[in-house]
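K.L.:
Have a look at this one before I ask anything.
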Amino acid sequence: MVDFKKSVIYQIYPKSFYDSDGDGLGDLKGVTEKLDYIRQLGADYIWLTPFFVSPQKDNGYDVEDYYHIDPRYGTMEDLEELSREAGKRGISLMLDMVFNHTSDRHEWFRKALAGNPEYKDFYIFKKGKKPGVPPTNWESKFGGSAWEYVEQFDEYYLHLFDVSQPDLNWDNPKVRRRIQDVVKFWMGKGIKGFRFDVVNLISKGEFRDDLEGDGRRFYTDGPNIHKYLQELNEATFGTDAEIITVGEMSSTSLENCYRYASEDGKELSMVFSFHHLKVDFMGNEKWVMVPFDFCKLKHILFEWQTHMAEHHAWNAVFWCNHDQPRVVSRFGDTKEYWKESAKMLATVIHCMRGTPYIYQGEELGMTNPGFHDISQYRDVESINHFRILQEKGLTRENAYQILAIHSRDNSRTPMQWSDQKNGGFSQAEPWIEVNDNCAYINAETEEKDEDSIFHYYQKLITLRKKYDIVGYGDFEALDEMHPSVLAYRRNYRDQKLLVINNFYGKEVTWEADESLKDYTCILSNYEHHMMDGKRIRLKPYEALVLYREA
Ligand code: GLC
């Protein structure tokens, strides 16, 4: 059995990681070339976002062929080489499987559109309510209606994402079998990890108008979701104890996650949930400009930590991925306390109960690029919402401000390897602009600097390997009402770990519920600490990890 509690996973968005052949797009060979960097950091797995054949409307989350690699990213040999070379360095690969939908260019969908009844039933086609009115009022997650009209059938098909991403009909057993075949194929290639994209949306419930929301309550964590996951598990990855899995759970609930990620192993190893990253939204509305709510953030994190532990279920813990803005821009300070705040945010996540995920460049403290013109954006969701915001009456300027905060392109700018041309990412003009701050935020500079954010992440990973409590301890929330400190205790056998974080740029005094004198500081983003009995004076964005054995 692999011990995913002691593992750390590094996420790579190949398109933006490293371009080995000078066409402005990152590729699989580029990942192989940079393996020593990941080994140096200390990660155990690399999660690669989809590199399958795809028209790239949603950067590969629109799969045309699950069995072949998109030539833009390389070849099957490139992947095999990457897997071999990673293996030599003690790193396994995790592939990203998009099974809620396919691309509209997938053979199954083409056959469906050509009128083949067998394949039509691979997707969700329905009659409109009346001429010109879609079957339900559900909204696509990328904006607009979730239904697209197909004239030749006088029917609509469901697409919870882009119109080019038709949803698969998982209620059809043939679809489920085909999906199992795909997973088995990649297992046959020796793949030891799978991430399942928006997998809690695969079981659709009732097709009814949503009078309160955008429709998500009818298809999220749907009626057969646990059955379908258990079936996939039994037929595929569940047969190999060396495989770890993570499900991306959109708008999910704790109660469902206890089951998805239960230690009984019937469904998945762990789950991503996103409630803690909606604390700068208004309800479910992301395209707004509101300051983040620290107390809510803390409350949600604590709630998930405590309840998942009580139910013996496992979290994936993270701030960043290819869909989220950069965390230091979001909850930290990119100016005066850039380094301190990036390290503090890393401490919060890495000492929690769960498997930490690091998104490429997070370990360097990469920031949002501050794009200010629509021509700089590439993401379908951002481009749609730029239009929708203006249709709702916002000025162009306001729409730009909102995009600069929430766009998924914030995290998709090229990895900053050096202060050279294009941040050392590519010799050619990159597919999306490099952040100007690559002059000082880059891997080469940080590898040389012992005090860098990169080295701090390295130390956090080492702590997880060295101290069992980091992987196995329970979780105890501390001082939940404190307006600026996020603190918690982990307990394991005779060990205790006290993690104290000042989330703001102002000094603050914090009082523990026990004396701090028997604790040793095993990691911090400051050298000297002002501790006295139970009290500690925290400097701006100070983070401390204190350890003791009884
Ligand atoms: C997930 C992916 C995201 C993609 C969406 C549709 O949320 O992380 O990038 O656009 O699913 O596949």
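K.L.:
Return, for the Cα atoms of the stretch 107-158, the radius of gyration and Dmax in Å, separated by a comma.
P.N.:
Final numbers for Rg and Dmax: 11.2, 30 Å.
K.L.:
Right, here's the next one. Over all alpha-carbon pairs in the stretch 148-188, figure out the percentage whose distance exceeds 17 Å.
P.N.:
Pairs farther apart than 17 Å: 51 percent.
K.L.:
What Kirkwood radius, in Å to one decimal, follows from the Cα pairs of the stretch 199-315?
P.N.:
After inverting the pairwise mean of 1/r, the radius is 15.5 Å.
K.L.:
Let me check I have the definition right: for the stretch 369-516, take the eigenvalues of the Cα gyration tensor, multiply each by 5, take square roots. What are those semi-axes in whole Å, largest first?
P.N.:
Sorted largest first and rounded, they come to 39, 24, 14 Å.
K.L.:
Exactly which trypsin sites (Lys or Arg not before Pro) in the stretch 346-449 are in a DSSP loop and have at most 15 other Cβ atoms within 10 Å?
P.N.:
Lys392
K.L.:
Taking all pairs of distinct Cα atoms, average 1/r, flip it, and tell me the Kirkwood hydrodynamic radius of the stretch 277-404 in Å to one decimal place. List each step's numbers first, then the result.
P.N.:
Numbers: mean 1/r = 0.0615 Å⁻¹.
Hydrodynamic radius (Kirkwood, Cα pairs) of the stretch 277-404 is 16.3 Å.
K.L.:
On a straight-distance basis, which aspartates and glutamates could pair with Lys296 in a cross-link, Cα separation under 18 angstrom, same-chain partners fewer than 8 positions away excluded?
P.N.:
Qualifying aspartates and glutamates at Cα under 18 Å: Asp280, Glu285, Glu476, Asp479, Glu480.
K.L.:
Along the Cα→Cβ direction, 7 angstrom out, place labels at Asp479 and Phe207. What is the inter-label distance in nm?
P.N.:
Here the answer is 5.5 nm between the modelled labels.
K.L.:
Give the peptides 204-216, 244-256 in descending order of average Cβ contacts within 10 Å, highest first.
P.N.:
Per-residue mean Cβ counts within 10 Å order the peptides as 244-256, 204-216.
K.L.:
Given N residues in the chain, what is its alpha carbon radius of gyration divided by 2.2 N^0.38 Å?
P.N.:
In units of the globular-protein estimate, the chain measures up at 0.96.
K.L.:
With both bridge residues required to lie in the chain, what share of the DSSP beta bridges run antiparallel, to the nearest 5%?
P.N.:
Bridges in the chain are about 65 percent antiparallel.
K.L.:
Could you state the angle between the C-alpha long axis of helix 225-235 and the longest principal axis of the C-alpha atoms of the chain, as a value from 0 to 90 degrees rounded to the nearest 10?
P.N.:
Taking the Cα atoms of the chain, the angle to 225-235 is about 90 degrees.
K.L.:
Could you work out how far apart the two model spin labels at Glu336 and Asp532 are, taking each label as a point 7 Å from the Cα in the direction of the beta carbon, and quote it in nm?
P.N.:
Those two pseudo-labels are separated by 2.4 nm.
K.L.:
Using a probe radius of 1.4 Å on heavy atoms only, what accessible surface per residue do you get for the stretch 472-549? Whole Å² is fine.
P.N.:
Roughly 47 Å² per residue, with all protein chains present.
K.L.:
Could you tell me the center-to-center distance, by alpha carbons, between the stretch 1-59 and the stretch 150-226 in angstrom?
P.N.:
Taking the Cα centre of each part, the stretch 1-59 and the stretch 150-226 sit 25 Å apart.
K.L.:
Over all directions, how big on average is the projection of the convex hull of the alpha-carbon atoms in the stretch 472-549, in square nanometres?
P.N.:
Working: hull surface 19.3 nm².
If I average the Cα hull's projected area over directions, I get 4.8 nm².
K.L.:
Compute the whole-percent fraction of alpha carbon pairs in the stretch 121-226 spaced more than 19 Å apart.
P.N.:
Details: 2692 of 5565 pairs.
Considering the stretch 121-226, 48 percent of its Cα-Cα pairs are separated by more than 19 Å.
K.L.:
Also, quick follow-up: Where the Cα atoms of the stretch 39-140 are projected onto their three principal axes, how long is each span, largest first, in whole Å?
P.N.:
The principal-axis extents, from largest down, are 60, 26, 21 Å.
K.L.:
Relative to the longest principal axis of the chain, what angle (0 to 90°, nearest 10) does the C-alpha long axis of helix 338-350 take?
P.N.:
70 degrees
K.L.:
Once you charge only the Cβ atoms, +1 for Lys and Arg and -1 for Asp and Glu, what is the size of the charge dipole of the stretch 472-549 about its Cα centre, to the nearest 20 debye?
P.N.:
I would put it at about 140 debye.
K.L.:
Could you tell me the distance between the Cα centroids of the stretch 424-491 and the stretch 496-535, to the nearest Å?
P.N.:
When both Cα centres are located, 19 Å separates them.
K.L.:
Oh, and also: Using only the alpha-carbon atoms, how far is helix 453-466 inclined from the longest principal axis of the chain? Give it as 0 to 90 degrees, nearest 10.
P.N.:
90 degrees
K.L.:
Near Lys278, which aspartates and glutamates are there with a Cα under 14 Å away, not counting those fewer than 8 places off in the same chain?
P.N.:
Lys278 reaches Asp293, Asp323.
K.L.:
Going through the stretch 382-467, which chymotrypsin sites (Phe, Trp or Tyr not before Pro) have at most 12 other Cβ atoms within 10 Å and a DSSP loop state?
P.N.:
Tyr440
K.L.:
So, one more: Over the stretch 472-549, what percent of the accessible surface lies on carbon and sulfur atoms, probe 1.4 Å? Can you show the working numbers first?
P.N.:
On the way: 1740 of 3700 Å².
Within the stretch 472-549, the accessible surface is 47 percent carbon and sulfur.
The values are calculated or read from the model by the stated rules, or taken from the named source; none is laboratory data. Since the structure is predicted, the reported quantities are computational estimates derived from the model, not experimental observations. When we count neighbours, we look across all protein chains shown, and the Cβ atoms used for this are built from the backbone with ideal geometry, even at glycine. Only protein heavy atoms, including side chains, enter the accessible area calculation; ligands, DNA and RNA are left aside. Shrake-Rupley method; radii C 1.70, N 1.55, O 1.52, S 1.80 Å.
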